[in-house]
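The values are calculated or read from the model by the stated rules, or taken from the named source; none is laboratory data. Note that the coordinates shown come from a computational prediction; the quantities given were computed from them, not determined experimentally. Because the Cβ atoms are built from the backbone with ideal geometry, glycine has one as well, and the counts that use them run over all protein chains shown.
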Amino acid sequence: MTRWLDDDEQHAWRSFLAASQAIQEELDRQLQRDSGMPHAYYAVLVRLSEAPERRMRMSELAAGVNSSQSRLSHAVARLEERGWVRRLPCPADRRVSWAALTDAGHDVLAAAAPGHVEAVRRCLFDRLTPEQTGQLAAICAAVLGERRP
């Protein structure tokens, strides 16, 4: 039997969808305008910057940015064209390749980060109380469960 959403759940669901989409669109616009890259590319650069030796297996990177391997491969190809990322073969397993953040990619990320953080604050955290921020974190953890990034 279908468990239909009640009015409160329907309202919460639609509000969540609208808020998520509005935030993603604003962050994408800001990064395109200020740094010439979509949010998806920024996410790849961030993940690589946080990885040991600024490199990750492509499969791990895809999981880390919640992307399919084919979509990530396309993004990495575009980032390679810009000189921000390079692919490296795995000496131990020829089927595996790594993505590595270049110094130029690190510099681009460092330049983009302040504007991006300001946009995140403006779009989300400036609108929440500290208590609401804690609630948001708890809600996200509950929704993600074991799928935490």
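How many residues does the range 75-94 contain that are at pLDDT 95 or above, not in a loop (DSSP other than H, G, I, E, B) and not charged (D, E, K, R)? Looking only at that region, the number is 5. If the condition is being over 23 Å from residue 117 (Cα atoms), in a helix (DSSP H, G or I) and either aromatic (Phe, Trp, Tyr) or at pLDDT below 95 (or both), then the range 1-17 contributes only 13. Just for the range 50-64: of the residues that are over 10 Å from the mean Cα position of the chain (by Cα), touching a residue at least 24 places away in the same chain (Cβ under 8 Å) and in a helix (DSSP H, G or I), which one is nearest to residue 111 (Cα to Cα)? Selected residue: 54. Taken over the range 12-37, the criterion of being free of Cβ contacts under 8 Å to residues at least 12 places away in the same chain, farther than 20 Å from residue 111 by Cα and either surrounded by 11 or more Cβ atoms within 10 Å (Cβ to Cβ) or of a type outside the set (S, T, N, Q) (or both) is satisfied by 12, 13, 14, 16, 17, 18, 19, 25.
Of the residues 67, 20, which single one is within 25 Å of residue 139 (Cα to Cα), of a type in the set (S, T, N, Q) and in a loop (DSSP other than H, G, I, E, B)? So that I can check it myself, show each step before the final result.
Numbers: 20 fails: in a loop (DSSP other than H, G, I, E, B).
When all the criteria are applied, what remains is 67.
Across the range 93-136, the qualifying residues are those that are more than 27 Å from residue 56 (Cβ to Cβ) and β-branched (Val, Ile, Thr), and the one among them that is surrounded by the fewest Cβ atoms within 10 Å (Cβ to Cβ) is 129. Residue 64 passes every criterion in (1) exposed (fewer than 15 other Cβ atoms within 10 Å of the Cβ); (2) within 30 Å of residue 128 (Cβ to Cβ) apart from (1).
Hey, among the residues in the range 27-49 that are outside any helix (DSSP H, G or I) and of a type outside the set (A, V, I, L, M, F, W, C), which one's farthest from the chain's Cα centre (by Cα)? Can you show your working first?
Quick first cut of the range 27-49, residues outside any helix (DSSP H, G or I) only: 36-38.
Subsequent filtering for residues that are of a type outside the set (A, V, I, L, M, F, W, C) retains 36, 38.
Numbers: 36: 16, 38: 10 Å.
The extreme case among them is 36.
Can you tell me which residue in the range 139-148 is modelled with the highest pLDDT, limited to those that are farther than 17 Å from residue 15 by Cβ and surrounded by 10 or more Cβ atoms within 10 Å (Cβ to Cβ)? Ranking the qualifying residues of the range 139-148, first place goes to 141. Scanning the range 23-38 for residues that are closer than 23 Å to residue 139 by Cα and not aliphatic (A, V, I, L, M) yields 24, 25, 26.
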